[in-house]
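Report on the following structure.
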Amino acid sequence: MRARRPDELTPSLNAFADAAANRGFTRVADFNGASQAGVAPYPLNVISGRRINTGIAFLSDDVRMRPNLTITPHAQVDRVLFDGNRASGVADAAGTPYHARHVILSAGTYGSPAILMRSGIGPAAHLRDLAIPVRADLPVGEGLQDHPFYYNIYALKPAANSMHPAAGAILWAASPQAEPGDLDLHVSATHLFDPAQSPTGGAIVLAVAVTQPESTGRVRLADRDPRSAPIIEYNLLSTTRDMRRMIEGLRISRRIGRDPAFRAVAETEMLPGPAVTDDAGLQQAITEQLDVYHHATSTVVMGRERDGVVDALGRVYRTEALTVADASIMPLAPSAPTNLTTMMIAEHVARRAFGHHTAVHPSHACPR
């Protein structure tokens, strides 16, 4: 793992970092070091131009050949099978059973709660509405969090409209509403935008995100069919504090956009546009154009039995031999992207609950 060097970045990505420094933000030497407050190119899990995911990193050919591992492609899990309160396997959407001494769900923040609810583990009233017998009345699906972000987009001047590499430099900052020591905002500079939508044929996106949101949503089943997508209610920026922080982040981004270093490469602001200046206009633009990073967490929340779904080792309360190990068990969304945190959860559960350990290679342990 390493951050991109300035000479590897586009002119506008470097201009973003220079402009942020001109506006008083510290240049960070290493985002994995003691301090993350400030601006710099960020680390990427990219090797030879290829983004490395966990399947590539951990399911190597020799691992796939192990006699105690079977990978079944294109299988969609419907529900957990039980013998009394003990999980005994899973059934897929076709009804095929897969038996096991211990079931570990790693279906993600939307998949794991859906499987649990179809298995009778979840809010009792919701399960009864769908005629699902209630096995355990637990707050499955509650507490959904994600990182909301707004696209502050600039058309690049023709002489500086290079858009490769697509990422990236980033600014981590604290809003006036942040708790001491917290960094609750970031502005991530990328070229993840269709250049055909820019009047100059090039663009840069300054993605403003609230990285420690208060707002929570929920996940519910549409019906009992495992092939039906769950109902996802984000409820983003639903608290006054969250919206204030998003507006503050956008104002930080626009101050960077007005800096001479950035204006040297930027032709014009495309979104929200120069006519939008006051808080009411910014809030309307944010509400109409809001997106998420797809860093969803916290729908099978870790906590005490009276208010959580799983314990500190991911074991589902009121059941035996059933564990969840993915981003759904995070009590709150972490400030950073969730991939590395999820790998650490898997390491923790494997080591503490089952006595296994598989080290995460440093080249894969990175925030992007």
The chain: calculated mean residue ellipticity at 222 nm from DSSP helix runs of at least 4, using -39500 (n - 2.57): -7000 deg cm²/dmol
Of the GluC sites (Glu not before Pro) in the range 242-329, those whose Cβ has at most 14 other Cβ within 10 Å and which sit in DSSP loop: E305
Taking L105, L206 and counting other C-beta atoms within 10 Å, the order from fewest to most: L105, L206
Label corresponding to log10 I(q)/I(0) by the Debye sum over Cα atoms at q = 0.09, 0.12, 0.14 Å⁻¹ when calculated from the structure given, among (1) -0.59, -0.97, -1.19; (2) -0.46, -0.85, -1.17; (3) -0.66, -1.01, -1.22: (1)
Percentage relative contact order, the chain, counting C-alpha pairs under 8 Å, at least six apart: 22
Restricting the range 97-179 to trypsin sites (Lys or Arg not before Pro) in coil, as DSSP defines it, with at most 12 other Cβ within 10 Å: R101
Order of T299, T277 - criterion: other Cβ atoms within 10 Å of each residue's Cβ, fewest first: T277, T299
Gain upon complete extension [Y98, L130; 0.36 nm per residue less C-alpha separation]: 9.0 nm
Size of charge dipole - the range 167-263 - debye, nearest 20, with Cβ of Lys, Arg +1 and Asp, Glu -1, no other charges: 240
Cα→Cβ-extended label distance, 7 Å offset, between S48 and A196, nm: 3.2
The range 164-266: equivalent-ellipsoid semi-axes (sqrt of 5 x gyration tensor eigenvalues, Cα, Å): 31, 22, 11
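Since every read-out is calculated from the coordinates, none of them should be taken as a lab result. As the structure is a prediction and not an experimental result, all values here were calculated from the model. Don't worry about glycine lacking a Cβ; one is built from the backbone with ideal geometry, like all the others, and counts go over all protein chains shown.
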